[in-house]
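What follows is a set of notes on a single structure, which appears directly below.
The values are calculated or read from the model by the stated rules, or taken from the named source; none is laboratory data. None of the values given here were measured: they were computed from a predicted structure. Every residue, glycine as well, gets a Cβ built from its backbone with ideal geometry; the counts of neighbours run over all protein chains shown. Heads up: the accessible areas ignore ligands, DNA and RNA and are worked out on the full protein's heavy atoms, side chains in. Shrake-Rupley method; radii C 1.70, N 1.55, O 1.52, S 1.80 Å.
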Amino acid sequence: MRAHPLKSATLGAMETPIETKNGYGLDGQSVALVLGSGGARGLAHIGVIRVLEQAGANIHAIAGSSMGALIGGMYAAGQLDAYEQWVETLERSDVLSMVDWTLSGGLIRGKKIIQKLGELAGEVNIEDLDIDFTAVAVDIDQGREVWLDHGSLYDAIRASIAIPGLFTPHHYHGRTLVDGGLLNPIPVAPTLRSMCDLTIVVNVNGAPNPLNRPPEHDIEDEDDDVGLMDRIKELMENFSKDKGQPEDSQPGLFAVMVRSLDTMEAAITRHHMAMAEPDLIISVPKNTCQAHEFYRAKEVKEVGRRAALQAIESFRPRHRSQWRG
């Protein structure tokens, strides 16, 4: 097993390890971390990782699908601080400026986003990282899951975030790869080879929180044509609606596509979770934000932080006789 990287400079050693109600802390425990898919909700993974650091957990292995692969890859490369600082500066117009439009295989090529990630962390190969990392993608020609655990970190992330219909597929080593969340939104299996004390799953497609509602500025800006959803809607209305049809009679193509993918991934997640039996599950409500709302990074990260604190404080290991705490 590779050596665990240095703790984030954001927390470092200044925090006291979190105490649990049952006396089973995570301090010193080796962790295999599974980061699920979920668009901008995946920013909650940042908050979760910060809490795990504070709790004293040693993250030795990470597997991620889609946004989970992006956040996990940044952490494994030692560049989560830089990514976090950048994403928290994004506003609605900034998200739009990162989009490079196309109608060939999807709406977005993704080159600008990946180039930005490259600026933050440089060129890195997965096998050179300090911890085990696997990004999960889907080979749409073969119809099967692919584990990307060596080669270019950025090619692995680009493949894993290629949401069908939105991002163009990524062609890599003769394969046409798309979002890993299509078949495995919670990729526990790649972490089973890592001999860690605990497997912790972060599910960002959790049960909705009835208290969640869109922030006031989103309601006020519904007609703001600089918003990403408005621009996509404007583009897609030419293809998805009859001109004589009332605009509010049915949702647009983009909304249907995103909701359908969310529904499918949530169903697959429940199936995988029932089989995997991880040691700890941290759930983030699926109505925390919409898939495109990356400009809400701070509040989404805070949701992840609170969810992690709540889960860890109530943590009880399955095999107490083997507990090293």
Checklist entry - When all protein chains stay in place, what accessible area (Å², nearest 10, 1.4 Å probe) is found for Lys112? => result 90 Å²
Checklist entry - Can you work out ³J(HN,Hα) from phi for every residue in segment 199-209, in order, using Karplus 6.51 cos²θ - 1.76 cosθ + 1.60 and θ = phi - 60°, giving whole Hz and x for Gly and Pro? => result 10, 10, 10, 10, 9, 9, 10, x, 4, x, 8
Item to check | Peptides ranked, highest mean first, by Cβ atoms within 10 Å: ranges 124-130, 33-39, 49-55 | outcome: 33-39, 49-55, 124-130
Next on the checklist: Could you give each residue of segment 62-76 its phi-based ³J(HN,Hα) in whole Hz, using Karplus coefficients 6.51, -1.76, 1.60 with θ = phi - 60°, and x for Gly or Pro?
Outcome noted: 9, 10, x, 10, 6, 4, x, 5, 5, 5, x, x, 4, 5, 4
Item to check | Accessible carbon and sulfur surface of segment 124-178 relative to its total accessible area, %, 1.4 Å | outcome: 47 percent
Checklist entry - How many nm separate the modelled label positions at Asn287 and Glu313, each set 7 Å beyond the Cα in the direction of the Cβ? => result 2.4 nm
